[in-house]
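Read through the structure below, which is laid out as structure tokens, and then see the notes.
The values are calculated or read from the model by the stated rules, or taken from the named source; none is laboratory data. Small disclaimer: the values here were computed from a predicted structure and weren't measured. Cβ: placed from backbone, ideal geometry, glycine included. Neighbour counts: every protein chain shown. Protein only, heavy atoms only, side chains kept; ligands, DNA and RNA dropped before computing areas. Shrake-Rupley method; radii C 1.70, N 1.55, O 1.52, S 1.80 Å.
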Amino acid sequence: MKKIILFLVDSMMPDVLEKCVAEKKAPALQFFLEHGELIPDCVTVFPTMTASVDCSLLSGVYPDQHKVPGLVWYDPKTKRIINYVNGFQPVYRIGIGQCASNVLFDLNERHFSRNVKTIHEELEEKGLVSGSINVIAHRGHKQHDAKIPFVLDAITGFQLKEKVSGPTILSLGTLIQPDIFRPINWNWSHAFASSYGINDSYAIDVLIEVIRSGKQPDFTLVYLPDNDHKVHQTPELAVEHLADVDKQLVRFLDSFASWEQAVERNVIMLISDHGQTVIGQEPEANIPLDEMLFPFRVHRLGADITPDWDVVVCNNERMSYLYPLSAELLPKVVEAVSGDSRIDLVAWKEGEWAVVRAGGSDRTFRYCKGGPLRDAYGTQWSVQGDEGVLDLRIDGHTVTYQAYPDGMARLYGALFSQDIPVIVVNAAPGYEFLSECSPTHQGGGSHGSLHQRDSMIPLLIVGSAQRFPRPARLIDVKSFILQELAVAPVLA
Ligand SMILES: [Zn+2]
């Protein structure tokens, strides 16, 4: 049976992919397109941030089930803000030790729900071998030692001594090296922003070495992050940035006797985690949450979270979670952020219902699971109010999404990822949220929102036995791979 390799290319967008190939700047992607099939309108997870997306890719469910709400969120159990590292400033305030611990251990061992199984767990329970290269979500049945660099070890107080779980072949930059015959020596040619080997060239070196070693897993997930950093800075050069990714894919193809041999031996898949939206140059492009929330006492980063504060802000670039620390504050906080049309959606929970308000107006829409309406994914819904708020079209019993693809299930996934009062705010195209120490990208690219520009991703499949189900979603990739490897999906 063929093996499967899935490349996860951060911030790869369908129109950029097609343009890059049309301009003959991407020979590897062109080869894959000629031998496979491109689905340009696959829908990813909300919030459109790597951490929540990775957990959905591995588990096949939205955050209401896998329980990782986003890149940045508030954990009421520990009364702490969880940040899987987003920008230097907040990391500095929250503490590098806590952030490193959040990524290395807590995400996989504590936050990622045990009620769902990762693709690595399911494959290895069926006697197959799974692999993960540089993906931050990697929970599996094997235990691995992390080699913490001395500098990081010292500043974290030598606390990061726990074992890390993963599939049989696990690589995480220089921190965890896979168990193969020839170790991959990290060198400065691998350094992209000195990110401990979490970069494209190191990941491809590891993949090539894993294949050469004869230990290639039945399934390998490979994360290529460089494109995201570059598109954030210069979105107008997105085609050139994807061409750089292609150079790495060429190195992978060149490691075989011929490119044809690569696709004869492997099912090769490429997917993205999210798109990006260009943010305006002007200062108004940043939506100042702290200002809007005045006179509420907004928690300051680094301070303990106590009842002295009214609201905790967890900024995920083009979406934010706002946590009122007492339930009676919720309607007042909703009111404070609803007056500005730069926020296109303000959403919260009322019992089983999700309630959504259009920013800059008092139009509202409510929906819950189950009921007479059905969407293209087969999910059934009950709705009340103005469906235009979520840009839905309702025709008889059929509901169709437009600006917010799979909008009801995806927004529901974020709202119900936690069972505490929370408000989701979504930025309109061209805008992103500004809060204490948050990274901003005026004139650059940003993501996180429910809007289609952040949410539509390409899915490219070469050499599979079956056809991917349509309309395509990222959460359906897991069951597709299990079927392709003839492993019956196991209900979690
Ligand atoms: Zn990004």
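Considering the options 424, 70, 336, tell which one lies farthest towards the positive end of the dipole of the chain, charges being +1 on Lys and Arg and -1 on Asp and Glu at the Cβ, about the Cα centre. Sorting the options by dipole projection puts first 70. Charging the Cβ of each Asp and Glu at -1 and of each Lys and Arg at +1, and nothing else, the dipole of the stretch 322-366 about its Cα centre rounds to 80 debye. Here the accessible area of the chain is 52 percent carbon and sulfur, with a 1.4 angstrom probe and all protein chains present. You can think of it this way: the chain between residue 291 and residue 361 has 23.3 nm of extra reach, that is 0.36 nm per residue less the Cα-Cα gap. Taking the Cα centre of the stretch 285-325 as reference, the dipole from Cβ charges on Lys and Arg (+1) and Asp and Glu (-1) amounts to some 80 debye.
Just to confirm a number: summing +1 for Lys and Arg and -1 for Asp and Glu over residues other than residue 359 whose beta-carbon lies under 9 angstrom from that of residue 359, what do you get? Present the calculation step by step, with values, prior to reporting the outcome.
Numbers: positive: 342, 357; negative: 340, 344.
Charge balance near residue 359 sits at 0.
Computed about its Cα centre, the charge dipole of the chain is approximately 1120 debye, with only Lys, Arg, Asp and Glu carrying charge at their Cβ.
Farthest towards the positive end of the charge dipole of the chain, among the residues 233, 485, 36, is the Cα of 485, using unit charges on the Cβ of Lys, Arg, Asp and Glu. Membrane-span-like helices in the chain, defined here as complete DSSP H runs extending at least 20 Å along the helix axis by their C-alpha atoms with mean Kyte-Doolittle hydropathy no lower than -1.0, are 238-254; this is a sequence and geometry rule, not a statement about a membrane.
Taking the charge dipole of the stretch 283-440 about its Cα centre, with +1 at Lys and Arg Cβ atoms and -1 at Asp and Glu Cβ atoms, the residue from 390, 346, 294 reaching farthest to the positive side is 390. Relative contact order of the stretch 283-440, taken over Cα pairs closer than 8 Å and 6 or more residues apart, is 29 percent.
If you look at the Cα atoms of the stretch 283-440, you get an Rg and a Dmax of 15.9, 52 Å. Translational diffusion of the chain was estimated from the Stokes-Einstein equation, with Rh taken as the Kirkwood radius over Cα pairs; at 25 °C and 0.890 mPa s the coefficient is 107 µm²/s. Take every pair of alpha-carbon atoms less than 8 Å apart whose residues are at least six positions apart; their mean separation over the length of the chain yields a relative contact order of 26 percent. In terms of the mean number of neighbouring beta-carbon atoms within 10 Å, the peptides 26-33, 261-268, 170-177 order highest first as 170-177, 26-33, 261-268.
Looking at the chain, the accessible area is 38 square angstrom per residue; that uses a 1.4 Å probe and ignores ligands, DNA and RNA. Calculated mean residue ellipticity at 222 nm for the chain: -7500 deg cm²/dmol, from DSSP H runs with n ≥ 4 weighted as -39500 (n - 2.57), summed, divided by the residue count and rounded to 500.
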